[in-house]
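In what follows, a structure is listed as structure tokens, so that the remarks can point back to it.
Values in this text are rule-based calculations from the coordinates and carry no lab data. All figures in this text were calculated on a predicted structure; none of them were measured in a lab. Cβ coordinates were reconstructed from backbone atoms using ideal geometry, including for glycine residues, and neighbour counts include every protein chain displayed.
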Amino acid sequence: MIISDDTKLKYILENGLNINRREIELFGEINEEMAKKIVSNITILEAISSDKITININSSGGGVDAGLVIINKILNSNCRFIMQSSTNIKSMGVFIFLAGDVRLISRFSCIMMHEMSINFHFWKKVTDITNYVNDIYRSANELIKWVASRTSVDSKFWHSVIYDKNDRYFTHKEAISLGIATGYIKKGN
């Protein structure tokens, strides 16, 4: 199958995929639509080769379930992942960023983590809500353990960050010293 340059360009612009550079853009809210795009883009690049994939991320976060879909795709790929962010990595975006083998930031990067929040727009029985909240706690505690395994500090530290009542911001220097990021973006990356 031969794909025209116009079709390739249209796909790149609409889906944030640069096949030639093996780069994916993850910009905006992390939701089911975003997860579908990212997973599809990774699948396309995996079909071409097992060379490294770069994901440029600028996100203020979003849904846990959608973020976990992206994380699982990255962790189960045969490709190495380079995560880059020159601006915002917040909330679920930080967890996705941590899935990368190499995680690069700029001195302008803003990293923020906070406690998971739940928005109930429906009527449910109290036991259903209790079970749901307990499942959220279980998931949050598993994510905390995973974050500790990907960084240079322990679960106790990350527990205090995730369950802090306030949003927790990290400078680029703190992100590197904690192991959230592994280095700085340089020309040619």
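I need the shape label for the chain. Rule: rounded when a/c is under 1.5, else prolate if a/b > b/c, else oblate, with a, b, c from the alpha carbon gyration tensor.
Cα axes put the chain in the oblate bin.
If one puts a single equal scatterer on every Cα of the stretch 84-189 and applies the Debye formula without solvent, what log₁₀ I(q)/I(0) results at q = 0.25 Å⁻¹?
-1.41
Which shape class applies to the stretch 1-70: rounded if a/c is under 1.5, otherwise prolate when a/b exceeds b/c and oblate if not, where a ≥ b ≥ c are the square roots of the Cα gyration tensor eigenvalues?
Since a/c reaches 1.5 and a/b is larger than b/c, the shape of the stretch 1-70 is classed as prolate.
Using unit Cβ charges (K, R positive; D, E negative) and no other charged atoms, how large, in debye to the nearest 20, is the dipole of the stretch 140-189 about its Cα centre?
Its charge dipole is roughly 220 debye.
With a sphere of radius 15 Å drawn around the Cβ of A35, what net charge do the other residues whose Cβ falls strictly inside it have (Lys, Arg +1; Asp, Glu -1)?
Local net charge: -2.
How would you order 155-164, 104-113 from highest to lowest mean count of nearby Cβ atoms within 10 Å?
104-113, 155-164
For the stretch 1-76, what is the charge dipole size about the Cα centre, in debye to the nearest 20, if Lys and Arg each add +1 at the Cβ and Asp and Glu each add -1 at the Cβ?
Around 200 debye, computed over the stretch 1-76.
With unit charges on the beta carbons (Lys and Arg positive, Asp and Glu negative) and the dipole taken about the Cα centre of the stretch 1-144, which residue among C79, L104, N31 sits farthest to the positive side?
Highest projection toward the positive end goes to L104.
Size of the dipole of the chain about the Cα centre, Lys and Arg at +1 and Asp and Glu at -1 on the beta carbon, nothing else charged, in debye to 20?
So the dipole magnitude of the chain works out to roughly 480 debye.
K165: which aspartates and glutamates have alpha carbons under 14 Å from its alpha carbon, excluding same-chain residues fewer than 8 sequence positions away?
E115
Based on DSSP loop calls and a cut-off of at most 16 other Cβ atoms within 10 Å, the longest stretch of the chain free of exposed GluC sites (Glu not before Pro) is what?
30-114
Which order, highest average first, do 132-140, 47-55 follow once you tally other Cβ atoms within 10 Å for each residue and take the mean per peptide?
Top to bottom by mean Cβ count within 10 Å: 47-55, 132-140.
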